[in-house]
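Just below is one structure, and these are the notes that go with it.
The values are calculated or read from the model by the stated rules, or taken from the named source; none is laboratory data. Quick caveat: nothing in here was measured; it's all calculated off a predicted structure. Cβ: placed from backbone, ideal geometry, glycine included. Neighbour counts: every protein chain shown.
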Amino acid sequence: MRRKRIAFILILAIILTSFSFTQDLTPVYGSESSQAEVSLLKAVEYYYTYEDAKLNDWEELLAIYGASKIDGSGVNLSLWQLPDIPFVNQDSSPKDYAPAIITSLIKGKNPDDLVEALLEKSDNGIFSNDADVQSLAMLGVEIASRAGIDFDTSYSGIDAAKHLISLQDKETGGFTGEYDFGLVTVDTTAYACLALAPYIYDEEVRTSIESIVEFFKREQNIDGGGFNYRYEFEGNIYESESANSTALAVWGLSALREVSDDPEI
């Protein structure tokens, strides 16, 4: 399942951080845009045919929805078996709310209560001292905002971003997540990219992003250009090239490219 999901995470890389899902491929691919669209539709068709049109979670739902908007032809979601809105309650982690908010929006449900509950877990923009939790919580709020959901105006996105960059590893420029056992990983750093991208106008955030870009340059494999998944097991550290880690890196870096006017990013 992990390897199969690569196609859909790569679709997310095209979608970037926009919840409007209205990106014209022509400026990117020129007159050859039809080939990109064909490839995109083949990925959708594969999933519709071989997975019985069943979408298992929010990542797959978001990818299919985004692919349909990019192509412009539209995908009739009524023909698909959509995932349930992920259950969250007062004991849920802040990072669990982004999937619930995204799924609710795409299914046409109002996530007001979810956004309100998520913001109750924030203390002046601080959701967690784990970078992945902080990042995903920020994304949940950001996407809700872009979708026009009204919420408590006391929440400050830039304060949330400043807390996130305070968690950045000063030596490597990367980030560590809740279950990374203190390891700086590509996956968590990619989530931080997505969360920080809307605030690149801020000088402190931009400096952090420049360090992130350098981190990815060092982490990228010379042979093949992929990225490794790094993990700890029984006291030992292992890493191996991962399709998912590579896709997340592409997604994060694409988000930075979308909002930056700096050719070095």
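Across region 134-159, what is the total count of residues that are out of contact with any helix residue (DSSP H, G or I) (no Cβ under 7 Å at 6 or more places or on another chain) and either modelled with pLDDT of 90 or more or small (Gly, Ala, Ser) (or both)?
5
Kindly establish whether residue 200 is in contact (Cβ under 8 Å) with a residue 24 or more places away in the chain and crowded, with 22+ Cβ neighbours inside 10 Å.
Against the criterion (in contact (Cβ under 8 Å) with a residue 24 or more places away in the chain and crowded, with 22+ Cβ neighbours inside 10 Å), residue 200 does not qualify.
Is it true that residue 204 is in a helix (DSSP H, G or I), over 17 Å from residue 252 (Cα atoms) and in the same structural domain as residue 243 (by TED's automatic domain parsing)?
yes
Taking the residues in region 94-126 that are hydroxyl-bearing (Ser, Thr, Tyr) and touching a helix residue (DSSP H, G or I) at 6+ places or on another chain (Cβ under 6 Å) as candidates, determine which candidate is surrounded by the fewest Cβ atoms within 10 Å (Cβ to Cβ).
Looking only at region 94-126, we keep the residues that are hydroxyl-bearing (Ser, Thr, Tyr), and these are 97, 103-104, 122.
Still in the running and touching a helix residue (DSSP H, G or I) at 6+ places or on another chain (Cβ under 6 Å): 97, 103.
On the way: 97: 26, 103: 23.
That would be 103.
Restricting attention to region 141-176, which residues are part of a helix (DSSP H, G or I), of a type in the set (Lys, Arg) and surrounded by fewer than 17 Cβ atoms within 10 Å (Cβ to Cβ)?
Correct list: 146 only.
Please tell me if residue 212 is in a loop (DSSP other than H, G, I, E, B) and aliphatic (A, V, I, L, M).
Values: in a loop (DSSP other than H, G, I, E, B): no; aliphatic (A, V, I, L, M): yes.
Here the answer is no, as residue 212 does not meet what is asked.
Report yes if some residue within region 189-197 is over 24 Å from residue 123 (Cα atoms), modelled with pLDDT of 90 or more and either crowded, with 19+ Cβ neighbours inside 10 Å or not assigned by TED's automatic domain parsing to the domain that holds residue 60 (or both); otherwise report no.
no
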